[in-house]
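Step one of this worksheet: look at the structure below.
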Amino acid sequence: MSKSRAFIPLLAFLALAGLFYFVLMKMGKGEYNPRDIPTEFIGRPAPSIDLPNLLDENDRVKSSDYAGKVWLVNVWGTWCPECWKEHEYLMHLSRQGVPILGIDWRDEKADAIDFLKQKGNPFVEVGFDPNSDAAIDWGVYGAPETFLIDAEGIVREKHAGALYPQVWQEKFAKYFHAQQPTE
Amino acid sequence: MIPEIGHFALVLALVLALIQSFFPLVGAQKGIASWVAIAKPVARLQLVFTALSFALLTWSFLQSDFSVLYVATNSNTSLPTLYKVSGVWGAHEGSLLFWALTLSVWTTAVTLFGRSIPPVMMARVLGILGLLSVGFLMFMLFTSNPFDRLMPPPPEGKDLNPLLQDPGLALHPPLLYMGYVGFAIPFAFAIAAMLGGRLDAAWARWSRPWTQVAWVSLTLGIALGSWWAYYELGWGGWWFWDPVENASFMPWLAGTALMHSLAVTEKRGAFKAWTVLLAIFAFSLSLLGMFLVRSGVLTSVHAFASDPARGMFILMFLVTVVGGSLALYAVRASKVRSYVRFDLVSKESALLLNNVILVVACAAVLLGTLYPLLLDALNLGKISVGPPYFNAVFIPLTAPLVALMGIGAMARWKRDSLENLWPKVRVSLVASVVFGVLYPIVVMQRFDWLAAVGMVLAFWVFFTTLKVTKDQARGRGLGGLSLSHWGMVFGHIGIAFFIVGITLTSIYSTEKDLRLEVGESYEMGGYAFTFNGSTHLQGPNYSGDRGEVVITQNGEKITVLHPEKRNYRSGMPMTEAGIDAGLSRDLFVALGEPLGTEGAWSLRLYHKPYVRWIWLGALIMSLGGLLSAADKRYRVLARRTATEKSPVGATA
């Protein structure tokens, strides 16, 4: 075997290791996140929502009521521990005047009402979605998931997992600054 | 206190691993006998402390000691005992400890079974394995200590990932890890041989049984994972080309090539440098898999808690181990010459082609796995390379490999000719074409070209393997055949079963997603599925629904299936499919979502012909590997080398 040919595996491996190093550095700086699954809906008109109101049997929750506003859709359920975690922060956002439409997904009605009574209700309205009607339209993978819809009715951001101040600052806050606090 | 002792045992194991690598390696190079002699006892002592540490972590799980962070995040008091034990290796930190333990067990096994190996070679092998232990133990102690405390301890732990709460999956990771770590043994032998400057047949002979056992573990581990995915994920699929599946499949491909190449090096003294390279590849790909899974650079259903700091450590480890060994290879292998000549038509050529195809297939899987990562990292967009790519690349590559199997097993070493081979394969060829084409028509009752091709290949392997066995047994009877030969027979017949399974399942399966009211039924594949509604279900750490589906054929009751939908305390919904297994078909029912208030559900029904043959094939292959490893030749040859007192037996 010639001398130079014996070095090929080593060089190929070092190139590969270089790629991995590059990716890890980007991940470390937060520039690259493989778990950040983009939703097809970003940049597209938000799917319409028409669900029974969790807290009022005679009412329906409709997305058309939110036209012209910057608003959030938060998919949650009492069965989801991460949703309990983010609840406090949603309350905070709600006090700041951020309109949040809640979708209570695959839940027990009584549990959900109880949860909101005990821990407070951060939502303008809560749609009850036990059969995943809206969740399927919105391409929900798991709970919690939060979407941001702009005044033109276009989905601008999506976050999978609990909402924390850091995520809020990075992804969502800018849409509210531009428009000046609502209400 | 117990966790601190476990932690301390790990530190001691690290110190011993350092001793195990430094003194024997330096001693072997400089010829210091006492430093060489230290290798065996230190390696065994290292096992004692690693095992102690593992036992204490298991103890913490059994005692539900939630002051240990790892226990608190992966166990709770209502978890059944079996899953408390399997929880030990159910997440990142504990599975690393399991890696370290497995490596230590393999190392000690080498000291016990390798009595014939000359002390200097043994010292080098144990030294290399010691270096690998150092890497794993440091990784654990510096980035992922399973004994880290959580203060104040929570009253109750979280749940073990519900996906892992299954008997099949309790065993899937240990078998895989045994396979990955097992490839460290041929790797260590190859490096030791290069360090000693003697790249001959001896290291190949010593490595062969170890490689086979490691390969068997990996085969069983992958098969178990595939079987589990089939019945637990409720998608009815058995292989998804998921990056983590690929991470286990790449070492398997390289390991399969290595097994065949080792045979050539041992028996004929050919492919010396190539075999060393394959030994490095097989283990490097195992480490690469570990990196891909645990650094979080790729996404998959196999969610390990991952972070870039850990990724960086594994990358450093990877660069040291793989880079170091490939650099050694580059320096040493160029001096190796194989003086063995063989003809174009010979067993050597067939095995070389086998190796080339397996390595190319492996490279194709690697490319498909890393390509999305490369694009994403360069901001060229997110793509996913899925089954279409892999199937398009893999099937055309492996079909010639299977065709070659029949001839390779039959060809003579060194020199053979087509005139000589043709009469031997003639009957098999005709028979496999006839049976392969007729099978879809007669048995499956619908002709399909791809099915015919698959069945021809399967019959071809089957008939040629029988023919080789018959020829070999001439004059000495079946009992006179070596276990090695039987290993080849079962290995190849396992492949034939596997091909039957994948061919018929992928072509003739039918599936249906539908809504069924209580009492409503649906007919598919000649079976009527009647949904009898669902009842509430309460398990130790989950609640859920249990459906009842009665299956009848021509009005006769075949079976009653009970698919389940469970909601674990951790909030994760899980599907337990109801399956009626059979040799010629599986009937598979999974619950979707409850619909409306009348008790209707969405259900997924599958009729999967011959799907069992996939795992049956893997079992038969594994049996072949075990038979080969048990061949008495290794022991006899080993004893002879020992009595000759020469460090190496030169057969080439």
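One residue is enough: does the stretch A:56-64 have a residue meeting the conditions without any contact (Cβ under 8 Å) to a residue 24 or more places away in the chain and either in a loop (DSSP other than H, G, I, E, B) or within 14 Å of chain B (Cβ to nearest Cβ) (or both)?
Within the stretch A:56-64, not a single residue is without any contact (Cβ under 8 Å) to a residue 24 or more places away in the chain and either in a loop (DSSP other than H, G, I, E, B) or within 14 Å of chain B (Cβ to nearest Cβ) (or both).
Filtering the stretch A:116-146 down to residues that are among the aromatic types (Phe, Trp, Tyr) and modelled with pLDDT of 85 or more, which residue is farthest from the chain's Cα centre (by Cα)?
Our first condition is that a residue be among the aromatic types (Phe, Trp, Tyr); within the stretch A:116-146, this holds for A:123, A:128, A:138, A:141.
Retained after the next criterion (residues that are modelled with pLDDT of 85 or more): A:123, A:128.
Numbers: A:Phe123: 15, A:Phe128: 18 Å.
That would be A:Phe128.
Just give me the residues in the stretch B:262-285 being at pLDDT 95 or above and either at positive phi or not hydrophobic (A, V, I, L, M, F, W, C) (or both), in sequence order.
The one that is at pLDDT 95 or above and either at positive phi or not hydrophobic (A, V, I, L, M, F, W, C) (or both): B:Ser284.
For the stretch A:100-111: of the residues being at pLDDT 90 or above and not charged (D, E, K, R), which is nearest to A:Trp71 (Cα to Cα)? Don't jump to the end; show me each part of the working.
To start, the set of residues in the stretch A:100-111 that are at pLDDT 90 or above comprises A:100-104.
So of that shortlist, the ones also not charged (D, E, K, R) come out as A:100-103.
Details: A:Ile100: 6, A:Leu101: 8, A:Gly102: 11, A:Ile103: 13 Å.
So the residue we want is A:Ile100.
Mind listing whichever residues of the stretch B:524-562 are in contact with a strand residue (DSSP E or B) (Cβ under 8 Å, 6 or more places away or on another chain) and part of a loop (DSSP other than H, G, I, E, B)?
B:Gly525, B:Gly526, B:Gly539, B:Asn541, B:His562
Determine which single condition A:Leu90 fails, assuming it passes every other condition in (1) at pLDDT 85 or above; (2) farther than 19 Å from A:Trp168 by Cα; (3) more than 14 Å from every other protein chain (Cβ to nearest Cβ).
Unmet condition: (2).
Please pick out the residue among A:Gly97, A:Gly30 that is at pLDDT below 90, more than 11 Å from every other protein chain (Cβ to nearest Cβ) and surrounded by fewer than 17 Cβ atoms within 10 Å (Cβ to Cβ). Steps first, answer last, please.
Details: A:Gly30 fails: more than 11 Å from every other protein chain (Cβ to nearest Cβ).
The unique qualifying residue is A:Gly97.
For B:Gly90, which of the numbered conditions (1) part of a helix (DSSP H, G or I); (2) buried (at least 24 other Cβ atoms within 10 Å of the Cβ) fails to hold?
(1)
Go through the residues of the stretch B:574-592 one by one and say whether even a single one is within 14 Å of chain A (Cβ to nearest Cβ), of a type in the set (A, V, I, L, M, F, W, C) and assigned to a loop (DSSP other than H, G, I, E, B).
There is no residue in the stretch B:574-592 that is within 14 Å of chain A (Cβ to nearest Cβ), of a type in the set (A, V, I, L, M, F, W, C) and assigned to a loop (DSSP other than H, G, I, E, B).
In the stretch B:307-335, what count of residues is obtained for those that are more than 9 Å from chain A (Cβ to nearest Cβ), surrounded by fewer than 21 Cβ atoms within 10 Å (Cβ to Cβ) and at pLDDT below 85?
Matching residues across the stretch B:307-335 total 0.
Would you confirm whether any residue within the stretch B:110-120 is part of a loop (DSSP other than H, G, I, E, B) and under 27 Å from the mean Cα position of the chain (by Cα)?
Here is the first cut: in the stretch B:110-120, the residues part of a loop (DSSP other than H, G, I, E, B) are B:114-118.
Now restrict to residues that are under 27 Å from the mean Cα position of the chain (by Cα): B:114.
Yes, the stretch B:110-120 has at least one match.
If we keep just the residues of the stretch B:231-245 that are surrounded by fewer than 24 Cβ atoms within 10 Å (Cβ to Cβ) and either assigned to a helix (DSSP H, G or I) or small (Gly, Ala, Ser) (or both), which is farthest from the other protein chains (Cβ to nearest Cβ)? Spell out the reasoning first.
So the first thing to find is which residues in the stretch B:231-245 are surrounded by fewer than 24 Cβ atoms within 10 Å (Cβ to Cβ), and the list is B:231-242, B:244-245.
Among the residues that remain, those that are also either assigned to a helix (DSSP H, G or I) or small (Gly, Ala, Ser) (or both) are: B:231-232, B:234, B:236-237, B:244-245.
Working: B:Tyr231: 22, B:Glu232: 18, B:Gly234: 16, B:Gly236: 20, B:Gly237: 19, B:Val244: 13, B:Glu245: 17 Å.
Here the residue is B:Tyr231.
Which one is farthest from A:Val73 (Cα to Cα) among residues in the stretch A:153-174 that are in contact (Cβ under 8 Å) with a residue 24 or more places away in the chain and out of contact with any Leu (no Cβ under 9 Å at 6 or more places or on another chain)? Step through it out loud before you land on a result.
Step one: filter the stretch A:153-174 for residues in contact (Cβ under 8 Å) with a residue 24 or more places away in the chain, giving A:153-158, A:160-165, A:168, A:172.
Adding the requirement that they be out of contact with any Leu (no Cβ under 9 Å at 6 or more places or on another chain) leaves A:153-154, A:160-162, A:164-165.
Values: A:Gly153: 12, A:Ile154: 12, A:Ala160: 12, A:Gly161: 13, A:Ala162: 13, A:Tyr164: 15, A:Pro165: 17 Å.
Of everything passing the filter in the stretch A:153-174, A:Pro165 is farthest from A:Val73 (Cα to Cα).
Suppose we filter the stretch B:593-617 for residues that are more than 14 Å from every other protein chain (Cβ to nearest Cβ), surrounded by fewer than 22 Cβ atoms within 10 Å (Cβ to Cβ) and not in a strand (DSSP E or B); how many remain?
Here the count works out to 3.
Taking B:Ala72 as the residue in question, decide whether it is touching a residue at least 60 places away in the same chain (Cβ under 8 Å) and either of a type in the set (D, E, K, R) or surrounded by fewer than 23 Cβ atoms within 10 Å (Cβ to Cβ) (or both). Spell out the reasoning first.
Values: touching a residue at least 60 places away in the same chain (Cβ under 8 Å): yes; either of a type in the set (D, E, K, R) or surrounded by fewer than 23 Cβ atoms within 10 Å (Cβ to Cβ) (or both): yes.
The answer is yes for B:Ala72.
The values are calculated or read from the model by the stated rules, or taken from the named source; none is laboratory data. Fair warning: this is a prediction, and the values are worked out from it, not measured in the lab. No Cβ is skipped: glycine too gets one built from the backbone with ideal geometry, and neighbour counts run over all protein chains shown.
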